[in-house]
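A.B. asks: The structure that follows is given in the form of structure tokens.
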Amino acid sequence: MTEDDLVNQLRQCFQLRQEDSTLSACDAYRLFNGFYEGLPGLVIDRYANTIVISNHSRQPESLNDTIDPIVRFSLDEFTWVESILLKTRHSSEPEERKGRLLHGQQLPQAISENGIRYAIDLRLNQDDSFYPDTRNLRSWLAQNSQGKSILNCFAYTGSLGIAALAGGARALFQTDLNSEALALAERSHTLNGFRLGMTLLKRDFFSVVNALKKSDKLFDTVILDSPFFSSTRYGKVDLQQQHIQLINKVRPLVANEGRLIVINNALYVPGKQIIDEINELSKSGYVSLENIIHIPADISGYPGTITVTPPTDPAPFNHPTKISILKITRKDQQPAS
């Protein structure tokens with residue numbers, strides 16, 4: 001791709017984001033997704049007054065020639081840009097993976113999305129500490145959590161739980177092994193001035209679930225947003241091979257008529273496999289698919305900008321990040337505790 005071709009593609013993609021009314025109340029969203037919009041490996045995100053350029057290529061140097069044109073074009077295109085951060089995911093240098101400032105001196109400490117504030121740390125890890133792709137799920141939680149008790153498993157920086165609190169949740173438990181990430185959840189709680197507290201559990205998922213089961217604790221909503229793969233002495237997560245087992249692990253914690261929100265972001269797991277698994281679970285009579293939450297267009301690409309499709313078909317989901325809302329009924333009909 002020549003520099004002129006790159007600039008023309010960026011201009012088209014940026015313009016579509018500016019015209020997208022769903023982004024008008026957000027200052028964190030994807031400006032360009034090269035995986036679908038013509039330059040695999042390159043992603044450009046906005047976080048408040050900062051642009052984050054993420055080089056995901058396994059041969060990072062292959063994208064080196066694109067960086068300076070992107071910086072120049074971004075500074076010309078947007079008056080709000082105060083800093084630009086470059087993150088090189090497969091760099092041999094840890095600091096390059098976390099991010100290097102190409103422009104500006106400071107990074108934002110928070111973003112706003114649909115009236116809710118979220119604390120961020122753009123150099124917390126090789127990711128950005130906040131995931132724009134789950135924006136529609138945060139909206140769903142804000143609209144469907146009034147008076148509910150929430151358990152957010154693999155909470156990371158807790159944005160899904162914070163959205164539930166903003167929607168009037170009466171109790172929130174957020175669990176993750178990363179103490180720095182949970183500290184951001186605490187900051188988000190403070191930013192929004194919530195009167196209701198939340199419980200942060202820095203513990204292994206399997207350990208927490210076992211302890212909650214022993215205490216007979218039940219929740220109105222359980223969020224299961226696990227990594228693709230992880231292993232501890234307590235158990236293993238494998239979204240490609242053991243997805244149903246993971247669902248069945250947390251299902252006993254969902255109250256009667258409650259909701260289990262399941263996110264599977266495994267790139268090579270087709271949407272049909274997820275639906276087949278849910279259908280298999282539904283045979284018990286206690287699980288049913290209530291809703292599918294689609295991924296926003298700034299993440300998946302807009303008609304006219306998409307030039308590459310995912311390696312496996314995510315349908316009926318619109319993106320490899322596949323979000324299902326499951327309704328759970330219980331034989332004992334126990335309500336949330």
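The values are calculated or read from the model by the stated rules, or taken from the named source; none is laboratory data. Just so we're clear, the structure is a prediction, and the values are computed from it rather than from any experiment. Backbone-built Cβ (ideal geometry, glycine too); neighbour counts: all protein chains shown. Ligands, DNA and RNA are excluded from the accessible area calculation, which covers all protein heavy atoms including side chains. Shrake-Rupley method; radii C 1.70, N 1.55, O 1.52, S 1.80 Å.
A.B. asks: State in Å² the accessible area per residue of the chain; use a 1.4 Å probe, count heavy atoms of protein chains only, and round to the nearest integer.
C.D. replies: Per-residue accessible area for the chain comes out at 44 Å².
A.B. asks: Let me ask another. So what are the ³J(HN,Hα) numbers for region 178-192, from phi and the Karplus equation (6.51, -1.76, 1.60; θ = phi - 60°), rounded to whole Hz, Gly and Pro as x?
C.D. replies: Going residue by residue, I get 8, 5, 5, 5, 5, 5, 5, 4, 5, 5, 4, 4, 5, 4, 8 Hz, with x marking Gly and Pro.
A.B. asks: Could you pull the Cα extents of the chain along its three principal axes, largest to smallest, in whole Å?
C.D. replies: 64, 42, 40
A.B. asks: Listed here are the pairs LYS202/LYS322; LYS249/LYS283; LYS217/LYS331; LYS249/LYS331; LYS217/LYS327; which of them are more than 20 Å apart at the Cα?
C.D. replies: Violating the 20 Å Cα-Cα cut-off are LYS202/LYS322.
A.B. asks: Using the Kirkwood radius over C-alpha pairs as Rh, can you work out the diffusion coefficient of region 1-85 via Stokes-Einstein at 4 °C, viscosity 1.567 mPa s, in µm² per second?
C.D. replies: 99 µm²/s
A.B. asks: Let me ask you something else. By its C-alpha gyration tensor, with a ≥ b ≥ c as the square roots of the eigenvalues, how is region 187-303 shaped: rounded for a/c under 1.5, else prolate for a/b larger than b/c, else oblate?
C.D. replies: The shape class here is rounded.
A.B. asks: Can you pull the one-decimal nm distance between simple spin-label points at LEU75 and ASN8, each 7 Å off the Cα toward Cβ?
C.D. replies: Computed distance between label sites LEU75 and ASN8 equals 2.5 nm.
A.B. asks: List, in order, the whole-Hz ³J(HN,Hα) value for each residue of region 223-229 obtained from phi through the Karplus relation with A = 6.51, B = -1.76, C = 1.60 and θ = phi - 60°; use x for Gly and Pro.
C.D. replies: 9, 10, 10, 7, x, 4, 8
A.B. asks: For region 94-197, state the average projected area of the convex hull of the C-alpha atoms over all orientations, rounded to one decimal in nm².
C.D. replies: Average of the hull's projected areas for region 94-197 equals 6.9 nm².
A.B. asks: Moving to a separate point now. Give me D for region 18-59 in µm² s⁻¹, whole number, from Stokes-Einstein with Rh from the Kirkwood sum over alpha-carbon pairs, 10 °C and 1.306 mPa s.
C.D. replies: Value of D from the Cα-based Kirkwood radius: 143 µm²/s.
A.B. asks: Can you list the HN-Hα couplings for region 115-132, worked out from phi with the Karplus curve (6.51, -1.76, 1.60; θ = phi - 60°), rounded to whole Hz and with x for Gly and Pro?
C.D. replies: x, 10, 9, 10, 6, 9, 9, 5, 10, 4, 7, 6, 8, 10, 6, 8, 10, x
A.B. asks: In whole percent, what relative contact order does the chain give with Cα contacts below 8 Å and a gap of six or more residues?
C.D. replies: Reported as a whole number, the value is 15 percent.
A.B. asks: As a test of the formula, what do you get for the chain when each DSSP H run with n ≥ 4 contributes -39,500 (n - 2.57) and the sum is divided by the residue count, at 222 nm and rounded to the nearest 500 deg cm²/dmol?
C.D. replies: -9000 deg cm²/dmol
A.B. asks: What aspartates and glutamates does LYS236 reach when the alpha-carbon gap must be under 16 Å and sequence neighbours fewer than 8 apart in one chain are set aside?
C.D. replies: ASP176, ASP204, ASP225
A.B. asks: Express the carbon and sulfur contribution to the solvent-accessible surface of region 184-337 as a percent, rounded to the nearest whole number, probe 1.4 angstrom.
C.D. replies: Heavy-atom surface of region 184-337 belonging to carbon and sulfur, 1.4 Å probe: 51 percent.
A.B. asks: Express the C-alpha Rg of region 251-335 as a ratio against the empirical globular expectation 2.2 N^0.38 Å, rounded to two decimals.
C.D. replies: In units of the 2.2 N^0.38 Å rule of thumb, it is 1.27.
A.B. asks: Something else now. Suppose every K and R has +1 on its Cβ and every D and E has -1 on its Cβ; what is the size of the dipole of the chain about the Cα centre, in Debye to the nearest 20?
C.D. replies: 1720 debye
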